[in-house]
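Here is the structure we will look at, set down as structure tokens.
Throughout, read-outs are computed from the coordinates displayed, never taken from laboratory work. Bear in mind the structure is a predicted one, so any value in this text is a computation, not a measurement. For neighbour counting, all protein chains shown are included, and Cβ atoms are generated from backbone atoms with ideal geometry for every residue, glycine included.
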Amino acid sequence: MKKRTKLLALVISVLMVTALLAGCSRGRSNEKKDRVSQSETEPTGTEKKSVEKDPNVNAPGVFPIVKEPIKLKFFITISDQYILEGNEWFDYIKDLANIEIEVDNATGNSGQQKINLLLASQSNLPDVFLTFNNNISDEQLALYGSQGVFVNLNEYSDLTPNLNKIKKDDPKLIQAITMDDGGVYSLLNINPSTHVQYAQRMWVNKTWLDKLGMKLPETIDEFYDMLKAFKSNDCNGNGESDEIPLAAFKTGVGFKTDLAGFLMNPFVPATDLNSLYTYNDNGTIKTAILQDGYKEGVRFLQKLYREKLLDEEIFTLTPAQIKTLTGNPTGNRVGAIQSGAISPFANIAVPGARDEFVALSPLKGSDGVRRTPYFKPYPQTRYTITTNCENIEAAVRLGDLFLTDPFSGNEKDLETYLNLQYGPNGWDPINDPNKKSIYGKEAKYAWTFTYGEPTKLNIGNLPNNYATDDIKSIQYDADSDSFSQEKILYDAAVNIMKPYAVDITVPPVLIPSEKTTDFAEYYQLSKDYYVQKMAEFIMGEKDIDKDWDKFISEIKSLGLKKYVQIIQEAYDARYK
């Protein structure tokens, strides 16, 4: 108890210091750019300042972006599958734009922590943050944008033809990234990939099921029976009792890997931990954690752990460690696992474990209902320029290039988009009407690399922020006669997930600036406490019947209830 109290006190202290540092830095941040002429009255976010043109920057559509070479310092959050040293994507940008990118990067949770510290101290800020979705939250954009730390892109609209087109074609997308002062402080990211919209998947070892003569489970009880059968039989045939019926990733690691995701939906609608399992119930914002069904879902997970059906290492395993289990030399040891894709838990480059798993339809609960969250594609933050940048106009033009629409009808736009996403050597054009995409349409391109494997060809999806359709709809299914993860994910999404999808995603909301510090505190304290207590409940260190009400009371007092209330108020203000 003393350790937990100290931890909570430390988190509160860090948040308070962050807020103080942010407040103290306002004056310095607003002094930053001599090239921006200030009027006597500070303009609002919707008014355009008088900006002195940088003579080194060419007009939109003219390349290179700058006449004389420059350097831009980027802070990037990225998966460790992308090798940055010697990465060809940076060479492509240098050749195309005459811009050399210097990189400071981070992976996983460390990226979020480093961003928070950089913004709090406002020292050694990069020129550009290029981050995973919402690594810089709307609340941070509103706070630091109003303080002059982030560049208001409205002031550079003459350099953003792609952003201007989006504003005209779909104003709602811009509304979702516009702060309450009217400023747009980050370029959006929206790329509607079908398989991502229905991504809360459980993968089951069909090879083991066939060996046991069992069918795919349809109910939560049948799922339990399947795990028991996996445990008590030598399913991998190596003569050892080493089967792990249900494996799981460390909390917060991987894409849609939350243990209390797929297996919680038979009990209560649940999205993912990043949003503290909040969901939209016809305009009423709720969190699954506070609903009655959540307790029963946790009881089910505790039952699996107690009976050794759930891996005892569930709170520590990384993707690399799980791949050692599925790639065990004497046979795959894993029977089931939750993940948005196969590649996080199995090597998809070689035959073996990758071929054993199939996606499972959402399970029926006691009410006989199947459901899975529909993760509706909303715009999220991706490319944010700081006023520390000495070449703002060049950074703006480069960011707008990342908004190239591959479906504009211009083949050059498609080529640019694919170069940005895969690197010029990461894809090949397809000019054969008989070659189809994984979605059955005429293919236009094919990868030259294996997704999930380390690569120096590109930096993944980070520089590709806008598409009006799923880019995979024109990607050649080169593996149609062998193993195609993309097709497997698409087929699972369309055939067994979409029919049971429920639209419960909370749309983007803007937390008022006067509540952002409290909101961040409520979120972090609630999340940390939740992660700690879920481990204790699942491992049996806490009694669900005796200790659950205390858990609910304490997590409410730490701010979970207020966290939901603030989201509700922000939702009502924007959408009602």
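A few remarks follow.
- Stokes-Einstein diffusion for the range 414-482 at 37 °C, viscosity 0.692 mPa s, with a Kirkwood radius from C-alpha pairs, works out to 264 µm²/s.
- Helices of the chain meeting both criteria, an alpha-carbon length of 15 angstrom or more along the long axis and an average Kyte-Doolittle score not below 1.0, with helices taken as full DSSP H segments, are 2-24.
- Dimensions in Å of the chain - Rg and Dmax from alpha carbons: 24.6, 81
- The H on the amide N of residue 178, modeled in the peptide plane, is under 5 Å from the matching H of no residue at least 5 residues off or on a different chain.
- The number of Lys pairs in the range 414-482 with C-alpha atoms less than 21 Å apart, excluding pairs fewer than 8 positions apart on the same chain, is 6.
- Pairs of C-alpha atoms in the range 250-389 farther apart than 27 Å represent 31 percent of all such pairs.
- For 482, 232, order by how many other beta-carbon atoms lie within 10 Å, fewest first: 482, 232
- Semi-axis lengths, Å, the range 231-323, gyration tensor of Cα atoms, sqrt of 5 times eigenvalues: 29, 15, 10
- Expected 222 nm ellipticity per residue - DSSP helices of 4 or more, -39500 (n - 2.57), all of the chain, to 500: -11000 deg cm²/dmol
- For the range 355-400 and the range 235-297, distance of Cα centres in Å: 18 Å
- Nearby lysines by direct alpha-carbon distance to residue 550 (threshold 26 angstrom, same-chain neighbours under 8 apart not counted): 2, 3, 6, 250, 286, 295, 303, 527, 533, 542, 561, 562
- The HN-Hα couplings worked out from phi for the range 187-199 by the Karplus form 6.51 cos²θ - 1.76 cosθ + 1.60 (θ = phi - 60°) are 6, 7, 10, 8, 9, x, 8, 4, 5, 6, 6, 9, 10 Hz, whole numbers, x standing for Gly and Pro.
- Charge dipole (debye, nearest 20) of the chain; +1 at Cβ of Lys and Arg, -1 at Cβ of Asp and Glu: 1120 debye
- Two-decimal ratio, the range 416-572, of alpha-carbon radius of gyration to 2.2 N^0.38 Å: 1.53
- 19 Å Cα-Cα reach of residue 165 towards lysines, excluding residues that sit fewer than 8 places from it in its own chain: 48, 412
- With Cα atoms defining each centre, the range 152-167 and the range 109-151 are spaced 21 Å apart in the structure.
- Take every pair of alpha-carbon atoms less than 8 Å apart whose residues are at least six positions apart; their mean separation over the length of the range 414-482 yields a relative contact order of 40 percent.
- Loop trypsin sites (Lys or Arg not before Pro), the range 136-216, which have at most 16 other Cβ atoms in a 10 Å radius of their Cβ (DSSP): 215
- Residues of type aspartates and glutamates that residue 71 reaches as a straight line, Cα spacing below 12 Å, ignoring anything fewer than 8 places off in the same chain: 100, 102, 127, 390
- Taking amide H atoms as placed 1.01 Å from N in the peptide plane, the amide H of residue 105 lies under 5 Å from those of 76, each 5 or more residues away in sequence or on another chain.
- The range 465-555: Rg to Rh, with Rh as the Kirkwood radius over Cα pairs: 1.17
- Karplus-derived 3J(HN,Hα), 6.51/-1.76/1.60, for each residue of the range 57-66, Hz, glycine and proline x: 9, 6, 5, x, x, 9, 10, x, 5, 10
- Neighbour counts of other Cβ atoms within 10 Å put 497, 534 in the fewest-to-most order 534, 497.
- Less than 5 angstrom separates the built amide H of residue 364 from those of 219, 220, all sequence-distant by 5 or more or on a different chain.
- The range 204-232 versus the range 449-507: alpha-carbon centroid distance in Å: 27 Å
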